[in-house]
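Colleague: Dropping the structure in here first, questions after.
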2 protein chains.
Amino acid sequence: MRIIVLGGDGYLGWPTAMHLAARGHEVWAIDNYLRRQIALETCSEPLIPTPNLTDRAAIYQTLTDQRIHVTIGDCTDRTVMAQLFAEARPDAVVHYAEQPSAPFSMMGYDAARRTLRNNLEATFNTIWACLEHAPDCHIVKLGTMGEYGTPNIDIEEGWIEIEHKGRKEKFLFPRAAGSLYHTTKVLDTDLLWFYVRIHGLTVTDLMQGPVYGLATPETDLDERLLPNFHYDDIFGTVVNRFLVQAVAGVPLTVYGSGGQTRGYLNLNDTLQCVELAIARPPAAGELRILNQFTETFTVNDLAERVAGAGRAIGLDVPIKPIANPRKEREQHYYQPVHSGLIELGLEPHLMSEEVLVAMLERVRRYADRIDRARILPRVRWN
Amino acid sequence: MRIIVLGGDGYLGWPTAMHLAARGHEVWAIDNYLRRQIALETCSEPLIPTPNLTDRAAIYQTLTDQRIHVTIGDCTDRTVMAQLFAEARPDAVVHYAEQPSAPFSMMGYDAARRTLRNNLEATFNTIWACLEHAPDCHIVKLGTMGEYGTPNIDIEEGWIEIEHKGRKEKFLFPRAAGSLYHTTKVLDTDLLWFYVRIHGLTVTDLMQGPVYGLATPETDLDERLLPNFHYDDIFGTVVNRFLVQAVAGVPLTVYGSGGQTRGYLNLNDTLQCVELAIARPPAAGELRILNQFTETFTVNDLAERVAGAGRAIGLDVPIKPIANPRKEREQHYYQPVHSGLIELGLEPHLMSEEVLVAMLERVRRYADRIDRARILPRVRWN
């Protein structure tokens with residue numbers, strides 16, 4: 001298949017581009033380095049330096065003879081997208097091209113507006129690039145489990161049938177996200193659903209939980225192919241952050257009472273899920289929504305697991321609850337359905353001690369690059 | 001009270017500004033003439049020429065000695081909004097500053113993007129102007145009944161309690177709008193709800209049905225104070241369009257089978273509703289949602305009523321169903337609750353034959369200005 005990866009330089013975009021190329025697909029990757037730029041601006045560069053996207057693709061091609069076509073450009077620019085879609089004539093487009101940091105989106109007016117504009121307009125342009133250049137293209141959009149928030153009822157996979165005063169209707173599952181970043185993904189879903197209803201686009205919206213991990217079969221070919229591994233408070237996801245804290249000897253920073261429960265998944269499972277979504281598309285003109293995670297944990301669970309893995313390799317890993325910089329429920333009901341991807345064939349890589357130990361050992365090789373100043377939260381919700 | 005009207009040059013904005021000034025409030029009106037510009041671009045100028053906002057405010061002041069402060073500027077420009085809010089120190093802001101045409105939003109990429117960007121960023125800047133300059137200011141936002149679409153269950157006032165698998169939660173009522181314009185208002189509500197939850201803004205989101213009418217106590221002072229009365233397919237609301245068609249001797253253009261049901265209200269009731277919302281704000285930190293209409297009609301009902309009023313003054317008014325340019329259900333369940341504004345004190349002006357006859361007679365004075373070319377639909381949904 002011919003596949004475009006929007007945001008192909010990202011933590012998930014780059015491993016996805018390689019993974020799809022390794023499976024024999026023809027892959028185009030586009031990125032405007034927005035995340036790298038914001039990381040620079042906020043002193044949040046990743047733990048491990050990574051070559052730029054053009055160079056990474058060249059290294060990957062040298063090692064595998066598989067070509068990833070690279071465009072450096074902005075998905076909010078219609079001309080860039082038109083040229084890319086006309087050239088690629090894609091069967092599927094994987095849309096990761098969003099400002100991905102919740103804390104960044106809460107830093108103030110400029111950061112919030114940049115997040116809102118980039119994310120909405122990248123989605124809008126993806127929709128229109130399909131309408132104008134590839135109407136049968138399957139859009140695989142990365143949403144987030146954070147769109148749902150933490151309601152007091154079971155979270156279904158995107159849709160819910162409501163019975164009210166003796167009548168029934170099926171609706172998008174109501175959403176109430178906890179940051180502006182997560183809210184832009186709610187708006188994305190609204191926008192996609194509108195264009196699906198009116199113009200018959202074919203969309204899979206993957207409601208993904210926080211991802212952890214840094215090794216995939218493709219990144220293992222060469223250290224220069226590793227994804228951007230962030231451990232800072234802006235771009236680092238919680239498990240990755242805890243692993244670096246464990247190596248650095250910094251107490252694990254549990255926000256608040258630590259009862260916040262979320263669904264997590266291994267980076268390799270993100271690749272599997274995206275691949276499965278592409279291989280088994282929904283019916284034409286359908287908006288399919290899948291909840292993409294494999295296990296739920298509280299923040300306290302995660303801290304205990306990382307501490308346990310640390311002890312297994314001789315690290316002393318204290319845990320230290322700190323004031324929660326976010327506005328969120330710290331104790332809450334959380335029962336999200338996530339059977340759709342399993343039914344499509346997902347075989348989960350669970351968070352075993354072995355997996356965590358392997359990550360700790362890899363992080364340890366870069367221990368001297370850890371900057372402790374970027375571990376504690378620098379952004380408060382209000 | 002000190003009140004800002006965003007979009008103060010509009011069909012509703014201008015009568016609202018005068019109405020609030022007449023009630024003794026100190027009023028600031030801002031507009032960037034986006035609607036006038038789009039009307040020019042699409043050959044959709046209003047039936048009755050209107051002076052610009054600065055001149056209208058001067059005419060109104062000459063007649064009443066009441067001053068309306070005018071800013072010509074763009075609500076998506078942070079600097080403009082900061083200056084306005086710093087000067088006005090508003091107790092309330094009425095937000096009409098949106099591209100208001102559903103057909104325009106469906107004309108293609110450029111029109112859609114302009115609608116999305118203008119509407120979202122005007123709302124975003126209103127939120128931030130309040131956060132930064134007037135945190136206690138009550139935002140009165142004009143939403144639309146179109147946000148809900150036409151679900152198969154009763155439409156509540158903004159919120160619904162869902163019981164699911166033995167547990168309960170209260171959510172925003174799920175929305176599925178029928179045009180990109182209406183969808184931008186869904187996104188507005190999502191955005192407002194996010195900032196209410198996190199930052200404690202105080203918001204009333206008025207889900208308004210189509211408005212008809214052109215006379216209010218203030219516009220009756222002088223013809224130059226009339227609102228922009230559109231009868232074209234782009235900006236004209238259905239009742240106003242039918243009235244002009246009746247005067248012009250053009251058969252009333254019912255879209256499709258005409259069973260589409262909506263909630264309607266008189267322009268004077270919009271003024272009452274906005275005034276009541278301001279006078280009786282919700283609790284601080286609350287998002288109050290009210291369904292703003294007084295009566296529901298099918299399109300066929302409206303055509304019959306206009307035809308009947310026409311006959312009463314000697315006009316022959318044929319009705320001619322045409323192919324529906326929109327993608328919408330033409331026969332559907334429609335039972336929206338609308339008791340909130342009545343409880344606040346709304347006294348409806350219903351759509352009597354007398355009201356329609358008075359409008360027909362006023363339109364008749366401008367009969368020679370009617371351009372039949374702009375009556376039939378020029379935009380199809382797909």
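Colleague: Need one number: convex hull volume per residue for the protein assembly as shown, Cα atoms only, in Å³.
Modeller: 145
Colleague: Taking a label point 7 Å from Cα toward Cβ, how far is A:Glu347 from its twins in the other copies, in nm, shortest first?
Modeller: 7.5
Colleague: Roughly speaking, what is the stretch gain from A:Lys320 to A:His332, that is 0.36 nm per residue apart minus the C-alpha to C-alpha distance, in nm to one decimal?
Modeller: Stretched fully, the A:Lys320-A:His332 segment lengthens by 2.2 nm.
Colleague: Moving to a separate point now. Quick one: if the Förster radius is 22 Å, what FRET efficiency do A:Thr79 and B:Asp110 give, using the C-beta to C-beta distance and rounding to 0.05?
Modeller: 0.95
Colleague: Output the relative contact order of the range A:243-382, whole-number percent, from Cα pairs under 8 angstrom with separation of 6+ residues.
Modeller: Computed value for the range A:243-382: 43 percent relative contact order.
Colleague: With unit charges on the beta carbon (Lys/Arg positive, Asp/Glu negative), name the residue among B:Pro348, A:Leu226, B:Ile278 whose Cα is farthest towards the positive pole of the charge dipole of the protein assembly as shown.
Modeller: Sorting the options by dipole projection puts first A:Leu226.
Colleague: Given Cα pairs under 8 Å that are at least 6 residues apart, what percent is the relative contact order of chain A?
Modeller: Dividing the mean separation by the residue count of chain A yields 20 percent.
Colleague: Using the 2.2 N^0.38 Å rule of thumb for compact globular proteins, work out how the range A:310-360 stacks up: its C-alpha Rg over that value, please.
Modeller: Compactness ratio reported: 1.71.
Colleague: Given labels modelled 7 Å from the Cα in the Cβ direction, how far is it in nm from B:Asp368 to B:Leu344?
Modeller: For the pair B:Asp368/B:Leu344, the computed spacing is 4.4 nm.
Colleague: Report, in whole Å, the centroid distance computed from the Cα atoms of the range B:207-279 and the range A:234-280.
Modeller: A separation of 53 Å, based on Cα centres.
Colleague: For the pairs A:Lys165/B:Lys185; A:Lys327/B:Lys327; A:Lys327/B:Lys170; A:Lys165/A:Lys185; B:Lys141/B:Lys327; A:Lys185/B:Lys170, flag any whose C-alpha to C-alpha distance is greater than 29 Å.
Modeller: With Cα atoms farther than 29 Å apart: A:Lys327/B:Lys327; A:Lys165/A:Lys185.
Colleague: Assigning unit charges at the beta carbon (Lys, Arg +1; Asp, Glu -1) and nothing else, what dipole magnitude in debye, to the nearest 20, does the protein assembly as shown show about its Cα centre?
Modeller: Around 200 debye, computed over the protein assembly as shown.
Colleague: Let me spell out the model: positive unit charges on the Cβ of Lys and Arg, negative unit charges on the Cβ of Asp and Glu, origin at the Cα centre of chain A. What dipole size does that give, in debye rounded to 20?
Modeller: 900
Colleague: Pop a pseudo-label 7 angstrom from the Cα along the beta-carbon direction at both B:Thr54 and A:Leu63 and give the gap in nm to one decimal.
Modeller: The answer from the label model is 6.4 nm.
Colleague: Here's a follow-up. Which whole DSSP H helices in chain B pass both tests: a Cα extent of 27 Å or more along the axis and a mean Kyte-Doolittle value no lower than 0.0?
Modeller: Qualifying helices, which must be both long enough and hydrophobic enough, are B:180-199.
Colleague: How large is the helix-only mean residue ellipticity at 222 nm for the protein assembly as shown, computed as the sum of -39500 (n - 2.57) over DSSP H runs with n ≥ 4, divided by its residue count, in deg cm²/dmol to the nearest 500?
Modeller: Value at 222 nm, helices only, nearest 500: -12000 deg cm²/dmol.
Colleague: Starting from the residue with the highest accessible area, list B:Met1, A:Met351 in decreasing order, probe 1.4 Å.
Modeller: Of B:Met1, A:Met351, the descending order of accessible area is B:Met1, A:Met351.
Colleague: Let me ask another. Checking the a/c ratio against 1.5 first, then a/b against b/c, what shape does the Cα gyration tensor give for the range B:108-158?
Modeller: Oblate, since a/c reaches 1.5 and b/c is not below a/b.
Colleague: Shifting gears a bit: Among the aspartates and glutamates, which have Cα under 18 Å from the Cα of A:Lys320 when same-chain residues fewer than 8 positions away are ignored?
Modeller: Here the aspartates and glutamates satisfying the reach criterion relative to A:Lys320 are A:Asp232, A:Asp233, A:Asp301, A:Glu304, A:Glu330.
Colleague: Please give me, ordered by residue number, the trypsin sites (Lys or Arg not before Pro) of the range B:338-369 that lie in loop per DSSP and have at most 12 other Cβ atoms within 10 Å.
Modeller: In loop regions of the range B:338-369 (DSSP not H, G, I, E or B), the sparsely surrounded trypsin sites (Lys or Arg not before Pro) are B:Arg365.
Colleague: Stretched out fully, how many nm does the piece from B:Asn152 to B:Gln37 gain, at 0.36 nm a residue minus the Cα gap?
Modeller: Gain on extension, B:Asn152 to B:Gln37, equals 37.6 nm.
Colleague: Measuring nothing but label to label, 7 Å from Cα along Cα→Cβ, what are B:Gly249's distances to the other copies in nm, shortest first?
Modeller: Once sorted, the set of distances for B:Gly249 reads 9.5 nm.
Colleague: Further question: Can you give me the long-range amide H partners of B:Val94? Hydrogens built in the peptide plane at 1.01 Å from N, cutoff under 5 Å, separation of 5 or more residues or another chain.
Modeller: Here the answer is B:Ile4, B:Val5, B:Leu6, B:Val140, since their amide H atoms fall under 5 Å of that of B:Val94.
Colleague: So, in nm, how far is label B:Arg224 from label B:Glu354 when the simple model puts each one 7 Å beyond its Cα toward the Cβ?
Modeller: Computed distance between label sites B:Arg224 and B:Glu354 equals 3.2 nm.
Colleague: Compute, for the range B:231-382, the length of the dipole vector about the Cα centre, with Cβ point charges of +1 (Lys, Arg) and -1 (Asp, Glu) only. Units Debye, rounded to 20.
Modeller: For this selection, approximately 640 debye.
Colleague: Pick out, in residue order, every one of the trypsin sites (Lys or Arg not before Pro) in the range A:93-201 that is DSSP loop and has at most 16 other C-beta atoms within 10 Å; say none if there are none.
Modeller: Qualifying residues, ordered by number: A:Lys165.
Colleague: Here is a further query. Put +1 on the Cβ of every Lys and Arg and -1 on every Asp and Glu Cβ in the protein assembly as shown; which of A:Ala248, B:Ile30, B:Val244 then has its Cα farthest towards the positive end of the dipole?
Modeller: Towards the positive end, the residue furthest out is B:Ile30.
Colleague: Using the 7 Å Cα-to-Cβ label point, sort the distances from B:Tyr33 to its equivalents in the other copies shortest first and give them in nm to one decimal.
Modeller: The projected label point of B:Tyr33 is separated from its counterparts by 4.2 nm.
Colleague: Okay, moving on. Between B:Thr144 and residues 5 or more places away or on another chain, which pairs have amide H atoms under 5 Å apart, with H built 1.01 Å from N, and which residues are they?
Modeller: B:Gln208
Colleague: Considering the dipole of the range B:269-382 built from charges on the beta carbon (Lys and Arg +1, Asp and Glu -1) around the Cα centre, which of B:Leu315, B:Ala358, B:Thr294 is farthest to its positive end?
Modeller: Farthest along the dipole direction, towards plus: B:Leu315.
Colleague: Under a Cβ-Cβ cut-off of 13 Å, what is the net charge of the residues other than B:Gly73 that fall near it, where Lys and Arg count +1 and Asp and Glu count -1?
Modeller: Around B:Gly73, the surrounding residues sum to -4.
The values are calculated or read from the model by the stated rules, or taken from the named source; none is laboratory data. Since the model is a prediction, treat every value here as computed from it, not as a measurement. Every residue, glycine among them, receives a Cβ derived from its backbone with ideal geometry; neighbour counts consider all protein chains shown. Areas reflect the complete protein model, heavy atoms only, side chains present, ligands, DNA and RNA absent. Shrake-Rupley method; radii C 1.70, N 1.55, O 1.52, S 1.80 Å.
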